[in-house]
Amino acid sequence: MKIVLLERVQKLGQMGDIVDVKSGYARNFLLPFHKALRATEQNIQYYEKQKSILEAKNIETRLSYPPLSKQKYLKKYIHKNLKYSESIYDKILWMPSSLNLTKKDISYICSVINE
């Protein structure tokens with residue numbers, strides 16, 4: 001099944017990528033958790049529109065730091081399975097953050113997200 005990723009999915013692709021996955025993976029995980037849309041012409045147009053809105057409003061996002069258990073240099077110190085932190089890493093997207101953000105900037109970012 002062809003899908004459009006709405007966010008970065010580890011070992012699959014980045015937001016906006018059109019990828020081919022097994023139907024069960026799409027139906028049971030990607031689609032119900034709003035990580036992807038079916039790659040129909042309408043959904044591809046919807047994604048492109050959302051992407052252009054964010055770019056036009058000049059709002060930058062970035063990926064979060066990987067969990068400690070995924071960081072190569074710390075693996076020898078971590079002896080526990082940290083699946084919860086790894087699952088959060090797959091879902092999180094950091095919004096702009098800086099000491100230089102004014103209340104006006106924060107209000108603007110919130111209003112764009114809530115549109």
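Coordinate-derived values only; no laboratory data. All values derive from a computational prediction rather than experimental measurement.
Dividing the Cα radius of gyration of segment 1-41 by 2.2 N^0.38 Å, with N the residue count, gives 0.96.
Calculate, in nm to one decimal, what Asn100 and Ser52 gain on full extension: separation in residues at 0.36 nm each, minus their alpha carbon distance.
Between Asn100 and Ser52, full extension yields 14.8 nm more.
The slack in the chain from Phe29 to Lys11, taken as 0.36 nm per residue of separation less the alpha-carbon distance, amounts to 5.0 nm.
Among the listed pairs Lys2/Lys51; Lys2/Lys35; Lys49/Lys103; Lys22/Lys49, those whose Cα-Cα separation exceeds 23 Å are Lys49/Lys103; Lys22/Lys49.
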